[in-house]
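K.L.:
Below: one structure in structure tokens.
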Amino acid sequence: MQGLLDLLTGGSGEGSNPYAVIFNLLFFVFIIFSIFYGQRIQQFMWLKQIERALMKLDVWQREGKVICKLRVSNFSDASDEEVFDTIEGFLEFFMIMPVDKDPAGVLNRLEHLMDVRKSRFEDFVSRVAPKANEADSKTLENVIEATIAVFTIFRIIRHFLLLGKKTKSTFLIMQIYMQLPLIMIFAKAYFEALKCFAEGKPIGDGVGPLVAARLMRGGEPKEVAKEVVAVEKNINNRNVIIVKAKGPGGTVGKPGLGVKNVIEEKEGKVARVIMIDAALKLEGEVTGDVIEGVGAAIGDPGPEKHKIEESGVKYNIPIDAIIVKQSIEDALTSMKKSIAMSVDDVIKRIHWIINNQTNEGDTIVVAGIGNTLGVGQ
Amino acid sequence: MSEEKRPQARVSRVILILIGIGMVVSLYFIVSATAGYFQNPQGSQWQTQLLYGLLILGAIWLFNFWIKGRSKKIEWHTVSQLKCEQEGCEYSEIRDFKEGDYVYKKLGNCPLCGGQDTLYIDLIYAYNPLEVKPQSTETAQSA
């Protein structure tokens, strides 16, 4: 007991050190405090981190709204205030996903909802920006979509922060804190994308349409589905039909329907479908690397991919996939040089497939998938 | 593109070495202070050593904040690469991206071969200004 007291007080007797007493007392208070309030302290630190992230998100969503509103008001005769109010009212637009407890026909229902959503966006843009041409309207739709994305992330994080504070639930606070780095990466990517969309710069996701556009050069494009064009060209005595979204406005179109229509038009007599798309790289991999595989390379929620796979099965057509690796930031922001330079490599691989895996006289479909913002044909 | 090491990389390596030395020195002081405390709790030497150790740790912490504060994020710079579609003309120009630019947009006559409406945008891409700037080429040709 005396030993413990000595340790606490820095020794007994006249020679005891007052600094040691204070130091030891502080140390013991800290230990006791940590035992009872450790989790509270940790919760407090997590909340502070979330608050800091929320402040950043708030800046991004405010800045995003300003960019969006100014961009839209360039194509409108209405006063800025009127345009601002109309856009502000649209930023919480939502889509309820179809019920999947009865999965039969869920893709048709999802496609229907997505079509309705798209038409609502088109109507809204034509209403607030009547002076915008076709390409500008598509780009404005992208700007509004990106603004909604940043604003939605901000609202969700704010919701969990306030709910966590209200309930003092460690579980609620911890789960948002743990996911925060990834959420911030997505939010930043959408914010940067918003700026790119506003300026009409091609984005990393546009590498598929860029490859298709290069292959299309010199051909006469015809519309094969909504916002999707195709060009027939002779490459090494093969009839190659190149499909891409109609640029240079920002749209992905309905490439699944486009490819399906082309195959149906040829009565299924297609030797191969080659799809080119951007794909998310794994950490540690190099942006702009090109790799090959099989399957429908398309990142839509389902309906477009389903159409291509269905046509492939119906007519027994092999589907090749060539993808260009990139991160989420690369895919949504201005196209990086390494991605733009990968186009030559992709074209070389397409030629290799055409020369080695098809015969002369065959018909081949090449589909460049992605957002064609800033890429014409 | 040359992969020459950027000066920033060298600076951050020096900073890392300095931080490492600081950590070792502060660790030495803290360990010495702990040992001194158990040998002679009444002595004042361990307090001084502890003070030095904590001061160095604090300095490293502040230095780290300062470094984080001044580290600049990469500002990607977007350029448009122009080319002439006239066969044999190798005109190539890289200029800053202008609003309204898009890939395969026609830009008029070629300044090198004079081809009518043959100048177009071949590529638009973003590069890191800390790396080598893309160069325009106007190689000889005959149209």
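The values are calculated or read from the model by the stated rules, or taken from the named source; none is laboratory data. Computed from a predicted model, the values in this text were never measured in an experiment. With ideal geometry, Cβ positions are generated from the backbone for all residues, glycine too; neighbour counts draw on all protein chains shown.
K.L.:
Looking only at segment B:71-112, count every residue that is more than 21 Å from A:Q377 (Cβ to Cβ) and of a type in the set (K, R) and tell me the total.
P.N.:
3
K.L.:
Right, next: Would you be able to tell me the number of residues in segment A:20-55 that are within 14 Å of chain B (Cβ to nearest Cβ) and either surrounded by 15 or more Cβ atoms within 10 Å (Cβ to Cβ) or touching a Ser or Thr at 6+ places or on another chain (Cβ under 8 Å) (or both)? Show your work before the answer.
P.N.:
Within segment A:20-55, the subset within 14 Å of chain B (Cβ to nearest Cβ) is A:20-27, A:52.
Those left that are additionally either surrounded by 15 or more Cβ atoms within 10 Å (Cβ to Cβ) or touching a Ser or Thr at 6+ places or on another chain (Cβ under 8 Å) (or both): A:20-21, A:23-24.
So the count comes out to 4.
K.L.:
Yes or no: segment A:100-112 includes at least one residue that is loosely packed, with under 13 Cβ neighbours inside 10 Å, at pLDDT 90 or above and polar (S, T, N, Q).
P.N.:
Yes: segment A:100-112 contains one or more residues that are loosely packed, with under 13 Cβ neighbours inside 10 Å, at pLDDT 90 or above and polar (S, T, N, Q).
K.L.:
Next up: Return the pairs, sorted by first residue and then second, in which the second residue is aliphatic (A, V, I, L, M) and part of a helix (DSSP H, G or I), the first residue lies in segment A:24-42 and is more than 17 Å from A:M174 (Cβ to Cβ), the beta carbons are less than 8 Å apart, and the residues are 6+ apart or on different chains.
P.N.:
A:N24/A:L7; A:N24/A:L8; A:L25/A:L8; A:F28/A:L8; A:S34/A:I41
K.L.:
If you don't mind, another one. Restricting to segment A:167-217, what's the tally of residues that are under 30 Å from A:I242 (Cβ atoms) and not in a helix (DSSP H, G or I)?
P.N.:
Within segment A:167-217, residues that are under 30 Å from A:I242 (Cβ atoms) and not in a helix (DSSP H, G or I) number 5.
K.L.:
May I ask you to verify whether A:F186 is aromatic (F, W, Y) and free of Cβ contacts under 8 Å to residues at least 12 places away in the same chain?
P.N.:
Details: aromatic (F, W, Y): yes; free of Cβ contacts under 8 Å to residues at least 12 places away in the same chain: no.
No.
K.L.:
Could you list, in sequence order, all residues of segment A:67-80 that are surrounded by fewer than 12 Cβ atoms within 10 Å (Cβ to Cβ) and either under 29 Å from the mean Cα position of the chain (by Cα) or free of Cβ contacts under 8 Å to residues at least 24 places away in the same chain (or both)?
P.N.:
Of the residues in segment A:67-80, the ones surrounded by fewer than 12 Cβ atoms within 10 Å (Cβ to Cβ) are A:77, A:79.
Correct list: A:S79 only.
K.L.:
Within segment A:165-178, does at least one residue satisfy the condition of being free of Cβ contacts under 8 Å to residues at least 24 places away in the same chain and within 14 Å of another protein chain (Cβ to nearest Cβ)? Working first, answer last.
P.N.:
Going through segment A:165-178, the residues free of Cβ contacts under 8 Å to residues at least 24 places away in the same chain turn out to be A:166-167, A:169, A:171-172, A:175, A:178.
Then keep just the ones that are within 14 Å of another protein chain (Cβ to nearest Cβ); that gives none.
No, there is no match, as no residue in segment A:165-178 is free of Cβ contacts under 8 Å to residues at least 24 places away in the same chain and within 14 Å of another protein chain (Cβ to nearest Cβ).
K.L.:
Considering only residues of segment B:45-71 that are loosely packed, with under 13 Cβ neighbours inside 10 Å and aromatic (F, W, Y), which is farthest from the chain's Cα centre (by Cα)?
P.N.:
Once the filter is applied, the top-ranked residue is B:W61.
K.L.:
Another question about this same structure. Here's a check for you: in segment B:72-123, which residue that is within 14 Å of chain A (Cβ to nearest Cβ) and more than 30 Å from A:E329 (Cα to Cα) is surrounded by the fewest Cβ atoms within 10 Å (Cβ to Cβ)?
P.N.:
Once the filter is applied, the top-ranked residue is B:E87.
K.L.:
Would you mind finding the one in A:E310, A:E304 that is under 18 Å from the mean Cα position of the chain (by Cα) and modelled with pLDDT under 95?
P.N.:
Numbers: A:E310 fails: under 18 Å from the mean Cα position of the chain (by Cα).
The conditions single out A:E304.
K.L.:
Same structure, new question: Does segment A:225-261 hold any residues that are part of a strand (DSSP E or B) and within 14 Å of chain B (Cβ to nearest Cβ), and which are they?
P.N.:
If we filter segment A:225-261 for residues that are part of a strand (DSSP E or B), which is where we start, we get A:225, A:228-235, A:238-245.
Passing the criteria: A:V229, A:V231, A:I242, A:K244, A:A245.
K.L.:
Hey, A:G361 hits all of (1) within 13 Å of chain B (Cβ to nearest Cβ); (2) in contact with a strand residue (DSSP E or B) (Cβ under 8 Å, 6 or more places away or on another chain) but one; which does it fall short on?
P.N.:
Of everything listed in (1) within 13 Å of chain B (Cβ to nearest Cβ); (2) in contact with a strand residue (DSSP E or B) (Cβ under 8 Å, 6 or more places away or on another chain), A:G361 misses just condition (1).
K.L.:
Among the candidates B:S32, B:S44, B:S26, which residue alone is within 12 Å of chain A (Cβ to nearest Cβ) and over 30 Å from B:N109 (Cβ atoms)?
P.N.:
From the options B:S32, B:S44, B:S26, the qualifying one is B:S44.
K.L.:
What strands (runs of 3 or more DSSP E) completely inside segment A:262-377 contain at least 3 residues that are surrounded by fewer than 23 Cβ atoms within 10 Å (Cβ to Cβ)? Explain how you work it out, then say what you get.
P.N.:
Working: elements: A:272-280, A:290-294, A:319-326, A:363-368.
It comes to A:272-280, A:290-294, A:319-326.
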